[in-house]
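Every number here is computed from the coordinates shown, using simple stated rules; none is lab data. Bear in mind the structure is a predicted one, so any value in this text is a computation, not a measurement. Backbone-built Cβ (ideal geometry, glycine too); neighbour counts: all protein chains shown.
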Amino acid sequence: MAELTPMMKQYLDLKQEYPDCILMFRLGDFYEMFFEDAETAARVLEIALTGRNCGLKERAPMCGVPYHAVDSYISKLIANGYKVAICDQLEDPRAAQGIVKRGVTRVVTPGTVVENSILNESENNYILCVHYGEQGRYGISYCDVSTGEFVLEELEDDTALFNEMTRLNPQELLIADSHAKEFLIMTGKTRFKNTFVNPYFDWAFEAKAAEKALRGHFKVSSLKGFGCAEMVLGVCAAGALMQYLIDTQKNALLHITTLRTLNERAYMILDPNTRRNLELTQTLMENSKRGSLLWLLDKTQTAMGARLLKKIVLQPLKHLDAINERLDAVGEIRESIYLRESLADSLKHVYDLERIISRISYGSIDAKDCLSLKRSIGILPELHKLLGETKSVLLSRLYSGLDSLQDIYELLDSSISEDAPAGIMDGNIIKPGYDKEIDRLISASKNGKAWLAELEAREKEETGIKNLKIGYNKVFGYYIEVTKSNLSQVPYRYLRKQTLVNCERYITEELKEMEDTILGAEERRKAIEYEAFLKIRDMLGENVGRIQSCAARVAFLDVLQSFACVAYENAYVRPEMADDGLLDIRNGRHPVVESIRRQEFVPNDALLNDDTQNMLLITGPNMAGKSTYMRQVGLIVLMAHIGCFVPASSAHICLVDRIFTRVGASDDLASGQSTFMVEMNELANILNNATPKSLLILDEIGRGTSTTDGLSIAWASVEYIINNIRAKTLFATHYHELVELENMFDGICNYSVAVKEVGHDIIFLHKIVKGGTDRSFGIDVAKLAGLPEEVISQARIFLDRLQEYEISLNGLPRERKEEKPENPSTSALPAYIAELKNVNIDTLTPIEALNLVYSLKKELNHEA
Ligand SMILES: Nc1ncnc2c1ncn2[C@@H]1O[C@H](COP(=O)(O)OP(=O)(O)OP(=O)(O)O)[C@@H](O)[C@H]1O
């Protein structure tokens, strides 16, 4: 009976352990795949499907990829939704007795890739683990295995979970088997519907098992030191994630040196709408980084700085001292041209230390990485010197904590050759003087070369063949080459080795002996260099924690210099921060619009306080600049809270707990929500969660439905905010009726965006002025947009007619509206209308009152 070959038996044993993965099996210089895996991989990777004798009657389907190019093939498989298990040779094949020992060294999934060619340099690559707690609460934990960041958090509800998921944008979600279905349904209609969801053992999420996995990895007897002892849900998520990483990444977790507990009280929560509406990391229209706040603020010089900047932009601080510390540091760098330019110049030379560290941990570091590490460390003394001269608390703290890693520099400088190749098994990596044995072998092969030259001269002399030469190739080794015209002079002692078109190649006894010595020395040197390199790698491995904390400091310094650089280049000012409820921005600008627009940007003030000016009700024509103005206030407040200078001539910014935005119209087809439904969901979230310390930016509330419904909702929302929340609010609207609210409530102030009419044309002045407006200029804007003249003139006729009805309404005693009502809760009711209809004011809600106004309008319309 046919029997499997030992190699195929080994393959099938391993494959059994990884049935859901494509198993890449290392054979010599190739990773081979067999059977179904081969068929799938050949199709996805567009490579040839062949066969291999496996001992059975039929050949096993097989395909393979060269090991040195494996990254690009892995990335293609991952992108197509497959998991890949990498099976490597666990011993030197030359030393193996019998079949080479092999084992899976790593399972690669979208959330666990570390290959540079797959990763985006300025983005983190997270795997996020979600643990379901009681009463709708969650514990989450996320890790970027390409940098070693490992964090846990606890979240209140679905909304908080969704907020964090959108902030982190994980490539993979780990979830307990028993919740996987529920989770898939929950994410099925969101943007995470295509994210790789990985169900994992329930037991790993149990508190005891989770804690054990964490204690085991961090080698601690208690988790107290990480500040998460009370966070049971978070620990369950973190422990399950750690267990998963241990299972799949095997021994490559050296670089996960700490567990960070995210304290939500330290950061302002930004919901996905606010991130999107303020275009913090990407633009609304094109989803591109260019045009976003992140793009504008990114003057970082390192990939680590770029990744940290994104985190900082999405996590504004909530504490005054922390914000002021950052502002002090940015101010100090901004003030000194020398410091600013020297920091940028030095940081330019620092490589991506975080990802080099992960390659140390994964054992995939090469000599080039070592040189990058050495060069980066070489910059540290300069950074140290620059920071040593600073005064601000934060920079001084960075200075005192910055380890110069001198010993690591010396190790790398003495060991790794400057022109070392990338491959670590090809020799020429180790510098002369580092290892005596390597030096001896180098000299043996060098002497061998001198001896070859001497032999060549001797053979020429003896045979009289002047153009005889000694050469070498990988297949035949050393040879003596004689051209065809000189063959008659070849002596008998020459043994033919190879025949070419123009020449013959020979070997002699003497040359053969020398070949053994030279090649033996070369081979041995390569082997010893490889061993020496592995030792250096291990020494680096023992120091990953030190390199990591250095990397974190460098990244933070990079963000601070980036803020300083942007502040200097764009003439930003330092915001004055206080917890006093006053927002006073003078000559504020929209940071991105001003940097992109060719024409001059018109600056505007913004004043909001807790009592007299709590809400700005902004009216004005289309295209005047209402949205730009409101976004600019939101961005200035946010920039101040991340410790960045702001585009204004001066800015007093009070601490805010959240920034809420409801801007523009977008529908969510994926979840089957109409534009209006999306708008109402967002509004509900704001009205339910805003506090007096929040900043609200509301643009055209109610425009997604009929005018009457829309106006009613807008009116009622303004009332609700001013009466119940008293959050600082910017409220832009096309419902000019709302300007009446200024007279009815303390704290509402009308503003409008000025335009100038020149004949039939309008000029946008983009200036925010006090007072409301009652004209939209919509038709004028439509004309500017190039609507056909016929449509424009017909629209003007309709408008005139409508305005006539408007006048017949407003002809009613207007002065009554100026009187301040005694009871603000019924204040929205236009009393004169109620009187007209003989209705008792006190029995109506504001919305009913507004509906009344409109039904009256309709009646008047009919009569006319
Ligand atoms: N302060 C300003 N200085 C210069 N240009 C500005 C200013 N504010 C806005 N703009 C420009 O005016 C245009 C319209 O701005 P925006 O979209 O904010 O107007 P809007 O009033 O919100 O319009 P709509 O009501 O139609 O949504 C944009 O192209 C913007 O770049």
Inset, instruction - For segment 1-126, would you read off the P(r) tail past 18 Å as a percentage of all alpha carbon pairs? - result: 54
Inset, instruction - Starting from the amide H of Arg106, placed 1.01 Å from N in the peptide plane, find each other amide H under 5 Å away whose residue is 5 or more places distant or on another chain. - result: Ile86
Legend entry - Cα-based shape type of segment 552-665, given that a ≥ b ≥ c are square roots of the gyration tensor eigenvalues and the cut on a/c is 1.5: oblate
Inset, instruction - Please check which bits of segment 455-476 a label hung off Arg493 would reach, taking the label as a point 7 Å along Cα-to-C-beta and the cut-off as backbone N under 12 Å. - result: 458-460, 462-463
Inset, instruction - Quote to one decimal, in nm, the extra length available between Asn194 and Asn473 on full extension: 0.36 nm per residue of separation minus the C-alpha distance between them. - result: 95.2 nm
Legend entry - For segment 217-324, alpha-carbon Rg relative to the globular expectation (2.2 N^0.38 Å, N residues): 1.36
Inset, instruction - Decide, for segment 576-775, between rounded, prolate and oblate: order the square roots of the alpha carbon gyration tensor eigenvalues as a ≥ b ≥ c, take rounded if a/c falls under 1.5, and otherwise choose prolate if a/b is larger than b/c, else oblate. - result: rounded
Inset, instruction - Show which aspartates and glutamates lie in cross-link reach of Lys484 when reach means a straight Cα distance below 15 angstrom and same-chain residues fewer than eight apart are skipped. - result: Glu504
Legend entry - Entries in Lys289/Lys756; Lys446/Lys535; Lys189/Lys310; Lys208/Lys311; Lys9/Lys497 that, when Cα-Cα distance is taken, lie over 29 Å: Lys289/Lys756; Lys208/Lys311; Lys9/Lys497
Legend entry - Built amide H within the under 5 Å cut-off of Lys101, gap 5+: Leu90, Glu91
Inset, instruction - Report P(r) for the chain: all Cα-Cα distances, bin width 10 Å, range 0 to the bin holding the largest distance, values in whole percent. - result: 2, 10, 16, 18, 16, 13, 10, 7, 4, 2, 1, 1, 0, 0
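Apply 1/(1 + (r/R0)^6) to the Cβ-Cβ distance of Asn486 and Glu523, taking R0 = 35 Å, and write down the FRET efficiency to the nearest 0.05.
Once rounded, the FRET efficiency stands at 0.60.
Give, rounded to the nearest 20 debye, the magnitude of the charge dipole that segment 112-205 has about its Cα centre when Lys and Arg contribute +1 at Cβ and Asp and Glu contribute -1 at Cβ.
Value, rounded to 20: 380 debye.
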Legend entry - Relative packing of peptides 66-73, 525-532 - highest average C-beta neighbours within 10 Å first: 525-532, 66-73
Inset, instruction - Compute the long axis of helix 232-249 from its Cα atoms, compare it with the longest principal axis of the Cα atoms of the chain, and write down the angle in degrees, 0 to 90, nearest 10. - result: 30
Inset, instruction - Kindly identify segment 578-641 as rounded, prolate or oblate by the Cα gyration tensor criterion: order the square roots of the eigenvalues as a ≥ b ≥ c, call it rounded if a/c is under 1.5, otherwise compare a/b with b/c, prolate if a/b is larger, else oblate. - result: oblate
Inset, instruction - Name the long-range amide H neighbours of Arg662: under 5 Å, sequence gap of 5 or more, or other chain; modelled H, no Pro or chain starts. - result: Ile697, Leu698, Asp699
Inset, instruction - Express the C-alpha Rg of segment 127-262 as a ratio against the empirical globular expectation 2.2 N^0.38 Å, rounded to two decimals. - result: 0.96
Legend entry - Semi-axes of the equivalent ellipsoid for segment 436-522, Cα gyration tensor, largest first, Å: 26, 13, 10
Inset, instruction - Lys and Arg at +1, Asp and Glu at -1: add these up for the other residues within a Cβ distance under 13 Å of Lys391 and post the number. - result: -4
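Assuming R0 = 41 Å, what is the FRET efficiency of Thr5 and Asp403, from their Cβ-Cβ distance, to the nearest 0.05?
Calculated transfer efficiency: 0.20.
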Legend entry - Projected-area mean, segment 377-511, by convex hull of Cα positions, square nanometres: 13.1
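For a protection proxy built on the mean count of beta-carbon atoms within 10 angstrom, sort 33-42, 515-524 highest first, please.
The densest-packed peptide leads the list: 33-42, 515-524.
Could you rank the peptides 634-641, 612-619, 197-204 by their average count of other C-beta atoms within 10 Å per residue, with the highest value first? Intermediate values should be presented prior to the final figure.
Values: 634-641: 25.6, 612-619: 21.6, 197-204: 17.0.
Ranking, from highest mean packing down: 634-641, 612-619, 197-204.
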Inset, instruction - Quote the FRET efficiency, to the nearest 0.05, computed for Asp709 versus Asn622 with a Förster distance R0 of 30 Å and r equal to the Cβ-Cβ distance. - result: 0.90
